Amino acid sequence: MKALIQYISTILQGLLTLVKGMAVTGHYFFRPKLITTQQYPENRQTLKMFDRFRGEVIMPHDENNHHKCTGCGICEMNCPNGSIEIITKMIETPEGKKKKVIDKHIYHLGMCTLCNLCVKACPTGAIVMGQKFEHAVWDRTQLTKVLNQPGSELMKDVKE
Amino acid sequence: MSNNLQDKIETQEYIVNMGPQHPSTHGVLRLMVNLEGEIVKNVDPVVGYIHSGIEKMTESLAYPQIIHLTDRMDYLSAHMNNEAVALCIENALQVEVSDRVKVIRTLMAELQRLASHQLWWCVMGMDMGALTTFFYGLRDREMILDIFEETCGARLTLNYSTPGGVMFDLHPNFQKRVKEFTKYFRKVLPEYNQLLTGNVIFKERTVGLGPLSKEDAIAYGVTGPTGRASGFACDVRKHNPYSAYDRVQFNEILRTDGDTFGRYQARIDEMYESLNIIDQLIDNIPEGDYQAKMKGVIKLPEGEFYQRVETARGELGVYILSDGKKNPYRVKFRSPVFSNLWVLNHLIKGQKIADLVAVMSTLDLVIPDIDR
Amino acid sequence: MAFDIYDFTTLTSSIHQSLSESLPPLAVEMIEWTLVGLSMLIFVALFGLILVYLERKVCALFQQRLGPMRVGKWGLLQTIADFVKLLMKELITPNRADKFLYNLAPFIVIIVTFMAIAAIPFAKGLQALDFDIGVFYVSAISSLGVIGILLAGWASNNKYSLIGAMRSGAQIISYELSVGLTLITMIIFAGTMQISGIVDAQASGWFIFRGHIPAIIAFIIFLIAGTAETNRGPFDLAEAESELTAGFHTEYSGIKFAFFFLAEYVNLFIVSAMATVLFLGGWQPLHFGSFEGFNQVMDFIPPIFWFFGKVMFIIYMIMWFKWTFPRLRVDQILTLEWKYLLPVNLFNILLMTLIVLMGWHF
Amino acid sequence: MSQDELISRLSQLTEEVTVSMGPQYVTCQVAPTHLHQFCKKLKEEKDLAFDYLISLTGVDMPEYMTTVYHLESTTYRHMIVVKSNTANRTEPTLPSVCDIWPTALWHERESHDLLGLVYENNPDQRRLFLEDGWGFPLRKDYSDPTRIVER
C-alpha cells in the first residue's frame, strides 16, 4: 500500500514540476511586450552604439582637413598584429627646415583585433575608435584603409 | 547452415565521430565515441582544430600586447584571463595598483562569471532538448554585455585590464546599470530554477549521472564549479585571494554529490554568490587612479612568475619565464578547460549517448581554451 | 448546388446526384474519389504550411522572440518561401546508401499520413471514410509510419540515422500500446468504434465531461502518448538535434526532407484530431446542460470551426510541451511507458468499465 | 608549513635535490633520474601531501630542456615548483609522473607535442594538437618561413 501511495505521489509530483515549467513559458507567451529581440536592419536609424564602442580605428579631421598625426610611429610599435603601417615623407617647411610628416597612415582592418592599444598609446590623440560596426565588404583589399585623407595636413598647435 | 551464417557475420566496433562540427560540442571539438548500441564504451577527444599558437605568439610580443590575446582563449571569461596576465606582470614588477582598480577588476570578473554561467545555463538546457532556456539565458546575458560595452567598448573580447590598471575608468552609468541588473537578475534566477532545475525530466536525466569523486577531481586536476561540486576546495578566490577578493564575504560553493546535477547546482549557486559579491562592492568603489604609472616599455626582471586566478571554468595559471627583455621568454597558460576535458572519458564510460551530451555540457567546455 | 455550413451531407449528396444524372455509376465513383483525393491533398499541403508557420510563431512567442517577420506581413509567406526553396534544392543520395529503400522511405511516411487523414471527421458529413471500425483503422495506419522512419535510418548509411531510427522504432512500438489502450477506454464508454458514431454520441456532452475521472486520465495519457507518437516535443529522440544532429533524416535534402517534415506536422494534426474526436466531442459545439441561451449561441458557430478550434487548442498544448521540456533519454522513455503509463492505463480501463457498467457517468 | 620549513623539509627528503627560494615559491631542482621517486615521495609523505599538480610546463632553454611542475597540497595549501632538466636536445627524455598525478598524462602529451619532450612510461605519447611529422613549434630553433612573419 505504501509503495502504491509513493508511486502515485511520484506521478503527481512529476506532473506538478512539469506544470510549473509550463507556467514560466506560458507567462512569456501571453506577454508579447516583453520581447527583447530587435529587427536589425530595420532599426538601423535608431541604433546607437555606446560612446566607447570599439568599431574601427579612425583619424578625425577638422573642417580644414587637418589631423593630429605627427607620424611618430608609436601606434605601429604598439600594435600587436601589425595592422598599422606608417609611411612618412620629408617636406620642407616655409622656414626652410626639413621636417618629417605623415604620408600615409595605413590601417588593415582585416588584421585588427580592436584592442585599443594604439589609441591609448598615441601621444597626440590623433587616432580614436570609431562607432561603425558594419564592416562587411566584397573584397578583402577594401579592408585596408588610409586613415589620413589626401591633402590633409598636421594641425598647427600639435606638439611633436 | 545457421551456424555457418553466424560465423560469417562480423561485428564491428561502432565508432561515431562526434564533431568537429556537431551541435553539442560547442566548437570544434571532435569526440571519437565507441558505442555498443546506445552505451558509450570509450570516448577519445581529438583536439587541435582551433589551435592558435598563443603561447608561441607571446614570445614575440611585448607584455601589454599579450593581454589582448588572452581574450581569445576562454572567450567567456575574457576579463579573468586579462586580469591573470596583468596581475602576473604587476606581481613581477612589484607594482601596487590602487584600490579602485582592484575593486573594478573584481566587479568586472564577477559580472563576467555571471555572463559565462548564464551562457552555460542556456546551452545546458539546449543540450538537454529544452530550447527555450537558450533564449532566456541569452536575454539576461545581454544586459551584462551592455554593461561591458559601455565601460570597455567591447562585448566579448574586452581587453580591459592593462599592466598597472584598467584601460578606461568606469563609465558614469556603470553603478546604475549594475544595480538594475542585479535587481532584475535576482528576480529571474528563481525562474531558471522553475523552468529547468525542478523539472522532473531534467532531474531524472542528471541526478546520479557521471559521478566524480573528490579524489579523482584532485587527481585529474578538475577545478572550477566542476571540481567544487565533487568537494574539491579549489576556489582560488578563497584560498589565494587576489584583487579585492580578500575584502568581500562570500561562500565557496562546495558540494559532495559530484554528479551532473551537482555540477549544475554548483553553478546556479555560484551565480547567487557572484550577485552577493557585486552587491557588496558596487556601493563602495573607492576613488583613485584607474591606471598606475608604468614605464613606456615594460621589462620584467629575470626569473619566473606564476599567477593563479579563478575563471568561470576553473583555475587559470599564467606562467611567465622572463629573461629580462621586453618579450617574455616562455609563457604557459594552464587553462582550466584543458584539464577538465580529459575527465570526460572517466565520467561517461558505460552511460548512454544522451548522457554524453549532458555530462559534456556540465563540464562547460570552451574549445579555444583547450587549444590555445 | 446546395450548401449548408452546418451540415455538409447536403453538399456531398447534391454533388453525387448531379453527377449520377449524366454519368454511369462507375465513372461517378471514380470522379468522386478523385475529388476527395484532390481536396485531401490540397488540405494537407495548406494545413502543413499553416502549421509550420504557427509553430514558428508560437515557439518564438514562448522564447520572447518575434519569429519570422520578413516575408510578407508578419512573415506570413515565410513557409511558402521555404517550401519553394525546398522544392528547388538538389536531391542528394549518399554514396553507399541503399538507393531503392532510401527513396522509398519518405513516400511511405507521407502516404501513411494521407491514409490516416481519410477517417477524420472535419464536420457533419465531411468525412471521406466512415468505417464501423474507424478508430481501429486510424490507430493501425498511424503506426505504419515508423516503417518509413526505420527504412530511412537504415538506408541512409549514416550512423546517426541508424541510431535515430532504432530509437524511433522502440519508442513507437511502446507508445502504440498506450494510444491503443486509451482508445479502448473511450470505445468502452462510447460503445462503438465508428468515428461518426462516437461524435454523435457526444451531442449531449463531450466525453471528457461525461466520463469524468477515467476520461480525464485517459485524455492526459493520450496527450503524452500522442506527443510521443508524433516524435515531437520531449520525445524527439529520433531526431535529437543535440545528440544525433538530425537523426533519421540527416541525409535527406530537398523535397524528400520536406516529406518527412510535412508528415510530422500532419501526424500532429491527426493525433490532435483523434483527441478531439474521442474526448472533446469532435465537431459538436460546447453545451452546458440547461443553459438554453448559451447553447444556442454555441450552436450558431459552425461545426467546422468547432472542430478546428479544438484541434488547434490541442496542437498548441503539444507545442507548449515541446518548447518547455527537456528531452527524455531513451531508457526513460521506455520506463515512462512501461512503468507508469501502461499500469495506469490498465487500471483506467477497469475503472471505465466499472463506471459504464454501473452507469455512474453523466 | 611556512616556506622556510618547506625548504628544510624538502632538503631532508632526498639528497639528489637542490632546494632554493624562487621569486614566489620554493623551487626544487631534481635530476631526471630521481624525478619520479622524488615526486612519489612528495605525494605520499603525510606532512607534504602534494596531491594536486596544477601545471606542467615544458621549457626550451637553449642549452637544455626543462619541465616545470607546479604542485599544491590541497590539505595544507602550500605550493612548490619542481624542475628537472635534460641536456639532450635531440631526444630529451624525462620520466613521466602520470601514474602519480593522472592529469599529467595530457599535460605531458601537450608538452611532447609542442616541445618534443619525451616522457618515459607515458602510455599515450601521440601528438595532441599537431600532425605527425610536424616540428616542435615552441622550441627556440623552430622555423617556419611560410607561417611565421618576423617583425
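Report, to the nearest 10°, how far helix D:104-115 tilts away from the longest principal axis of the Cα atoms in chain D, using its own Cα long axis and a range of 0 to 90°.
On a 0 to 90 degree scale, this one is about 40.
Return the tail of the calculated pair distribution for region B:51-371, meaning the percent of Cα-Cα pairs more than 25 Å apart. Walk me through the intermediate numbers first.
Numbers: 25048 of 51360 pairs.
Counting every Cα pair in region B:51-371, those more than 25 Å apart make up 49 percent.
Under 25 Å Cα-Cα from D:Lys40, which lysines qualify once same-chain neighbours fewer than 8 residues away are excluded?
B:Lys214, B:Lys332, D:Lys83
Considering amide H positions built from the backbone, and no H for Pro or chain starts, which residues 5 or more places from B:Gly198, or on another chain, come under 5 Å of its amide H?
Residues meeting the amide H criterion: none.
Given the DSSP H assignment, sum -39500 (n - 2.57) over each helix run of at least 4 residues in chain C and divide by its residue total; what's the result at 222 nm in deg cm²/dmol, nearest 500?
Rounded to the nearest 500, the figure is -22000 deg cm²/dmol.
For region C:1-103, state which GluC sites (Glu not before Pro) are in a DSSP loop and have at most 11 other beta carbons lying within 10 Å of their beta carbon.
Filter output for region C:1-103: C:Glu90.
What is the average number of partner chain Cβ atoms found within 10 Å of a Cβ in A:31-37?
Average neighbour count from other chains, rounded to a whole number: 5.
Straight-line reach only, C-alpha to C-alpha below 21 angstrom: list the lysines that B:Lys183 could link to, leaving out same-chain residues fewer than 8 apart.
A:Lys33
So for the pair A:Asp103, C:His212, with labels modelled 7 Å out along Cα→Cβ, what separation do we get in nm?
Label at A:Asp103, label at C:His212, 9.8 nm between them.
Helix D:3-13 against the longest principal axis of chain D: what's the angle in degrees, Cα atoms only, rounded to the nearest 10?
That works out to roughly 80 degrees.
Set the Förster radius R0 to 22 Å, insert the Cβ-Cβ distance between C:Asn157 and B:Lys41 as r into 1/(1 + (r/R0)^6), and round the FRET efficiency to 0.05.
Calculated transfer efficiency: 0.50.
I'd like the mean, over residues of C:62-71, of how many other protein chain beta carbons sit within 10 Å of each residue's own Cβ. Display every interim value, and only then the final one.
On the way: counts 11, 13, 14, 5, 6, 2, 0, 3, 3, 0.
Across the residues of C:62-71, the mean count of other-chain Cβ atoms within 10 Å is 6.
Can you give the Rg and Dmax of region C:260-327 based on its C-alpha atoms, in angstrom?
Rg then Dmax for region C:260-327, in Å: 14.7, 47.
Taking A:Lys97 as the anchor, which lysines have their alpha carbon closer than 26 Å to its alpha carbon, excluding any fewer than eight residues away along the same chain?
Counting by Cα, and skipping residues close in sequence, A:Lys97 has these lysines nearby: A:Lys68, A:Lys89, A:Lys156, A:Lys159.
What ratio of Cα Rg to 2.2 N^0.38 Å holds for region B:1-141?
In units of the globular-protein estimate, region B:1-141 measures up at 1.60.
Using the Kirkwood formula on the Cα atoms of region B:35-111, what hydrodynamic radius do you get, in angstrom to one decimal?
Its Kirkwood hydrodynamic radius stands at 15.3 Å.
Determine the principal axes of the Cα atoms in the protein assembly as shown, then give the extent along each, sorted from largest to smallest and rounded to whole angstroms.
110, 79, 61
Hey, with R₀ at 30 Å, roughly what FRET efficiency would A:Met49 and A:Met155 work out to, going by the Cβ-Cβ distance, to 0.05?
0.65
If you take the charge dipole of the protein assembly as shown about its Cα centre, with +1 on Lys and Arg Cβ and -1 on Asp and Glu Cβ, which of C:Phe279, B:Val318, B:Trp342 is farthest toward its positive end?
The residue sitting farthest along the positive end of the dipole is B:Val318.
Explain nothing, just the number: dipole magnitude of region C:94-358 about its Cα centre with +1 on each Lys and Arg Cβ and -1 on each Asp and Glu Cβ, in debye rounded to the nearest 20.
360
Kindly write out, for region B:227-239 in residue order, the coupling ³J(HN,Hα) from the Karplus curve 6.51 cos²θ - 1.76 cosθ + 1.60 (θ = phi - 60°), rounded to whole Hz, with x marking Gly and Pro.
With the stated coefficients, region B:227-239 comes to x, 5, 5, 8, x, 7, 6, 10, 6, 4, 4, 8, 8 Hz.
If the convex hull of the alpha-carbon atoms of region D:3-120 is projected onto planes in all directions, what is the mean projected area in square nanometres?
With the hull built on Cα positions only, its mean projection is 6.8 nm².
Determine the calculated [θ] at 222 nm for chain B from helices alone, applying -39500 (n - 2.57) to every DSSP H run no shorter than 4 residues and normalising by the residue count; nearest 500 deg cm²/dmol. Spell out each step's value before the answer.
Values: 16 runs with 177 residues, N = 372.
Taken over chain B, the calculation gives -14500 deg cm²/dmol.
What area, in nm² and to one decimal, does the C-alpha convex hull of region A:1-155 cast on average over all directions?
One quarter of the hull surface, i.e. the mean projection, equals 17.3 nm².
Considering amide H positions built from the backbone, and no H for Pro or chain starts, which residues 5 or more places from B:Ser52, or on another chain, come under 5 Å of its amide H?
Amide H to amide H, under 5 Å and 5 or more residues apart or across chains, B:Ser52 pairs with B:Arg372.
Other chains' Cβ within 10 Å of A:111-117 residues: what's the mean?
Across A:111-117, the average partner-chain Cβ count within 10 Å equals 6.
So for chain B, taking the charge dipole from beta-carbon charges (+1 Lys/Arg, -1 Asp/Glu), which of B:Ser98, B:Pro45, B:Thr133 sits furthest toward the positive end?
B:Ser98
Can you pull a Stokes-Einstein diffusion coefficient for region C:123-164 at 25 °C (0.890 mPa s), Rh from Kirkwood over Cα pairs, as a whole number of µm²/s?
For the chosen part, D equals 194 µm²/s.
Hey, what number do you get for chain D at 222 nm if only DSSP H runs of n ≥ 4 count, each worth -39500 (n - 2.57), divided across all residues, to the nearest 500?
That comes out to -7500 deg cm²/dmol.
Could you work out how far helix A:2-29 tilts from the main Cα principal axis of chain A, as a 0 to 90 degree angle to the nearest 10?
Approximately 40 degrees, to the nearest 10.
Which of B:Val359, B:Gln194, B:Ile66 sits closest to the plus end of the dipole of chain B, meaning its Cα is farthest towards the positive end, when Lys and Arg get +1 and Asp and Glu get -1 on the C-beta?
Of B:Val359, B:Gln194, B:Ile66, it is B:Ile66.
Spin-label point model (7 Å from Cα, Cβ direction): what's the C:Phe288 to A:Asp139 distance in nm?
7.4
Just grab the label-to-label distance for A:Thr88 and B:Arg247, each label 7 Å out from Cα along the Cβ direction, in nm (one decimal).
Label-label distance for A:Thr88 and B:Arg247, simple model: 4.4 nm.
All other residues with a Cβ under 14 Å from the Cβ of C:Tyr316 taken together, and with Lys, Arg as +1 and Asp, Glu as -1, what is their net charge?
Here the count lands on +4.
What is the ratio of the Cα radius of gyration of chain C to 2.2 N^0.38 Å, where N is its residue count, to two decimals? Write down the numbers at each step before the final one.
On the way: Rg = 21.4 Å, N = 362, 2.2 N^0.38 = 20.6 Å.
In units of the 2.2 N^0.38 Å rule of thumb, it is 1.04.
What is the packing order of peptides A:23-33, C:215-225, C:153-163, B:275-285, taking the mean over residues of other C-beta atoms within 10 Å and listing the highest first?
Numbers: A:23-33: 14.3, C:215-225: 21.2, C:153-163: 23.0, B:275-285: 16.5.
Packing proxy ranking, top to bottom: C:153-163, C:215-225, B:275-285, A:23-33.
Quickly rank C:170-181, D:107-118 as a protection proxy: mean count of other C-beta atoms within 10 Å, highest first.
In decreasing order of mean packing, C:170-181, D:107-118 become D:107-118, C:170-181.
Across 5 Å bins from the origin, how do the percents of Cα pairs in region C:187-276 run, short distances first?
Per 5 Å bin, starting at zero, the Cα-Cα P(r) for region C:187-276 comes out as 3, 12, 17, 19, 15, 10, 9, 8, 6, 2, 0 percent.
Mind checking the dipole of chain D: about its Cα centre, +1 per Lys or Arg Cβ, -1 per Asp or Glu Cβ, Debye to the nearest 20?
For this selection, approximately 200 debye.
Looking only at region D:95-114, which residues have a backbone nitrogen under 11 Å from a spot 7 Å from the Cα of D:Glu16 in the C-beta direction?
In region D:95-114, the label zone of D:Glu16 (backbone N under 11 Å from the point 7 Å along Cα→Cβ) covers D:95.
Give, as a single signed number, the net charge of other residues whose beta carbon lies under 13 Å from the beta carbon of B:Val297, with Lys and Arg counted +1 and Asp and Glu -1.
The answer is +4.
Per the Kirkwood definition applied to all pairs of different Cα atoms, how many angstroms is the hydrodynamic radius of region B:234-372?
18.1
Over the Cα atoms, compute the radius of gyration (one decimal) and Dmax (the largest Cα-Cα distance, rounded to a whole number) for region A:1-58, in Å.
Considering region A:1-58 through its Cα atoms, Rg and Dmax are 24.0, 78 Å.
The numbers here are math on the coordinates, done by the rules we state, and not lab data. These figures come from a predicted structure and were not determined experimentally. Please note: Cβ atoms are built from the backbone with ideal geometry, for glycine as well, and neighbour counts cover all protein chains shown.
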